[in-house]
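*Asks:* This structure is in C-alpha cells; I'll ask about it shortly.
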Amino acid sequence: MFSGLIENSLFYKENIKLFVALAPVTKINNIGSSLLNFICNISLHKIMMKRKIYEICPNTERTHKFISFINRYANCLTNYFIGLLSDSNSKKYNNQNSLSVYLKHYPCGTSLNCLIHYIQIIKAKKFIHFDYGKDKNIEIYNQEEPPEYDLSKIKDIPIMIISGENDKLATPEDVRWLYNELKPNVLYFNIVPNMGHLSFMVGNNFSWFNEPLDIIKEDFYK
C-alpha cells in the first residue's frame, strides 16, 4: 500500500477515502523477531533458491495436518513459535480459540521473493525497493542499488496508523519513525498496549478500535 501511494498515487486517491494501517511494516531497524533474524543469519533464501524452492509454507494437506496437530496437542508450541516470530506474550494477549480458527487456514503460501525483500529491508535498514542485483537494478531503476521509497511523496490522503506495543515485526520504534515520516497525513496514531502483530486478528480485546471507528463514522460516513 505504501508503495502504491508513492508510485501510483492518483489511482489510490481516486479509489480510497482512508488508509487504516494496522501493524504496518516499512523500515525494519529494530526487529525483535528471533525467527526472522535467524533466517537472515543463515541466508535461508539462498538455500531455498539452490534447491529450487520458490514458495514458503505452501498450502498443502501435509502442512495443514502438521499445523493442526501442533495446535491441538501442543498449544504451548504454537504460542512459542508465534513469540519467536511476531508477538510477545501471545498466549496472554491473543485469544486462543480465535487463534485456533486462524491456524486452520494457515499456512496459505507466499512467494520466496516476499521473504527475500524482508531480508533486504532488514539488512539495508531502509525501506527500499526490491534488490534484483546490480545489472537488473540498472535496467529497472537506472542505478546499481535499489532506491529507497520516498514516503514524502505520500500526500493528501488521510492515514490511520495503529500498532501493538508487543509487536516484534512492526516494532513501536519503527512505527513511530513511520508516523514522523507521514505526520502531515496522519489523522490518528496509536500504539496499543498488550497487542502484538497477530493481535489485530485474534486479540482478546478489540476496544482499541472504538476511537478510530468513531472518527471514521464522523468524518467519512456523513
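*Asks:* Taking the residues in region 88-115 that are of a type outside the set (S, T, N, Q), at pLDDT 85 or above and out of contact with any Phe, Trp or Tyr (no Cβ under 7 Å at 6 or more places or on another chain) as candidates, determine which candidate is nearest to K65 (Cα to Cα).
*Replies:* Of region 88-115, the ones of a type outside the set (S, T, N, Q) are 91-93, 99, 101-109, 112, 114-115.
Retained after the next criterion (residues that are at pLDDT 85 or above): 91-93, 99, 112, 114-115.
With out of contact with any Phe, Trp or Tyr (no Cβ under 7 Å at 6 or more places or on another chain) added as a condition, the list becomes 91-93, 99, 114-115.
Details: K91: 22, K92: 25, Y93: 26, L99: 16, C114: 24, L115: 24 Å.
Result: L99.
*Asks:* So which residues in region 186-204 are touching a residue at least 60 places away in the same chain (Cβ under 8 Å) and either in contact with a Phe, Trp or Tyr (Cβ under 9 Å, 6 or more places away or on another chain) or in a helix (DSSP H, G or I) (or both)?
*Replies:* Result: N194, M195, G196, L198, S199, F200, M201, V202, G203, N204.
*Asks:* Another question about this same structure. For region 192-212, which residues satisfy the criterion of being of a type in the set (F, W, Y) and farther than 11 Å from L22 by Cβ? I'd like the intermediate steps shown before the answer.
*Replies:* Going residue by residue through region 192-212, those that are of a type in the set (F, W, Y) are 200, 206, 208-209.
Passing the criteria: only F206.
*Asks:* Also: State all residues of region 39-50 that are of a type in the set (A, V, I, L, M, F, W, C) and either at positive phi or buried (at least 16 other Cβ atoms within 10 Å of the Cβ) (or both); if no residue qualifies, say none.
*Replies:* Of everything in region 39-50, those that are of a type in the set (A, V, I, L, M, F, W, C) and either at positive phi or buried (at least 16 other Cβ atoms within 10 Å of the Cβ) (or both) turn out to be I39, C40, L44, M48.
*Asks:* Check region 167-185 and report whether any residue there is assigned to a strand (DSSP E or B), touching a residue at least 40 places away in the same chain (Cβ under 8 Å) and touching an Asp or Glu at 6+ places or on another chain (Cβ under 9 Å). Before the answer, list the steps.
*Replies:* Start the filter on region 167-185 by keeping residues that are assigned to a strand (DSSP E or B), which leaves 167.
Right, trim to touching a residue at least 40 places away in the same chain (Cβ under 8 Å) and you get 167.
Okay, now just the ones that are also touching an Asp or Glu at 6+ places or on another chain (Cβ under 9 Å), so 167.
The answer is yes, given that some residue of region 167-185 is assigned to a strand (DSSP E or B), touching a residue at least 40 places away in the same chain (Cβ under 8 Å) and touching an Asp or Glu at 6+ places or on another chain (Cβ under 9 Å).
*Asks:* Out of region 2-24, which residues are of a type in the set (G, A, S) and either buried (at least 18 other Cβ atoms within 10 Å of the Cβ) or not in a helix (DSSP H, G or I) (or both)?
*Replies:* Kept after step one, since they are of a type in the set (G, A, S), are these residues of region 2-24: 3-4, 9, 21, 23.
Of everything in region 2-24, those that are of a type in the set (G, A, S) and either buried (at least 18 other Cβ atoms within 10 Å of the Cβ) or not in a helix (DSSP H, G or I) (or both) turn out to be A21, A23.
*Asks:* Which of the numbered conditions does K46 fail, given that it passes all the others? Conditions: (1) in contact with a Leu (Cβ under 9 Å, 6 or more places away or on another chain); (2) in a helix (DSSP H, G or I); (3) more than 25 Å from G196 (Cα to Cα).
*Replies:* (1)
*Asks:* OK, next. Could you say whether any residue in region 25-38 is touching a helix residue (DSSP H, G or I) at 6+ places or on another chain (Cβ under 6 Å), modelled with pLDDT under 90 and either among the aromatic types (F, W, Y) or surrounded by fewer than 18 Cβ atoms within 10 Å (Cβ to Cβ) (or both)?
*Replies:* yes
*Asks:* Report yes if K126 is among the basic types (K, R) and over 18 Å from N29 (Cα atoms), otherwise no. Steps first, please.
*Replies:* Numbers: among the basic types (K, R): yes; over 18 Å from N29 (Cα atoms): no.
No: the conditions fail for K126.
*Asks:* What number of residues within region 51-70 are in contact (Cβ under 8 Å) with a residue 24 or more places away in the chain, in a helix (DSSP H, G or I) and among the aromatic types (F, W, Y)?
*Replies:* Selection size over region 51-70: 0.
*Asks:* Of all residues in region 100-135 being free of Cβ contacts under 8 Å to residues at least 24 places away in the same chain and aromatic (F, W, Y), which is farthest from A170 (Cα to Cα)?
*Replies:* Filtering first and then ranking leaves Y132.
*Asks:* Restricting attention to region 142-152, does a residue exist that is part of a helix (DSSP H, G or I) and among the aromatic types (F, W, Y)? If you could, list the steps in order and put the result at the bottom.
*Replies:* Pass one, region 142-152, residues part of a helix (DSSP H, G or I): 151-152.
Imposing the further condition that a residue be among the aromatic types (F, W, Y) reduces the set to none.
No, there is no match, as no residue in region 142-152 is part of a helix (DSSP H, G or I) and among the aromatic types (F, W, Y).
*Asks:* Out of D131, D135, D156, which single residue is touching a helix residue (DSSP H, G or I) at 6+ places or on another chain (Cβ under 6 Å) and over 28 Å from M195 (Cα atoms)?
*Replies:* Working: D135 fails: touching a helix residue (DSSP H, G or I) at 6+ places or on another chain (Cβ under 6 Å); D156 fails: touching a helix residue (DSSP H, G or I) at 6+ places or on another chain (Cβ under 6 Å).
Going through D131, D135, D156 in turn, the sole match is D131.
*Asks:* Same structure, new question: When region 120-166 is examined, which residues are found to be loosely packed, with under 11 Cβ neighbours inside 10 Å and under 19 Å from the mean Cα position of the chain (by Cα)?
*Replies:* none
The values are calculated or read from the model by the stated rules, or taken from the named source; none is laboratory data. Quantities reported herein were computed from a predicted structural model and do not represent experimental measurements. So basically every Cβ, Gly included, is an ideal-geometry build from the backbone, and we count neighbours across all protein chains shown.
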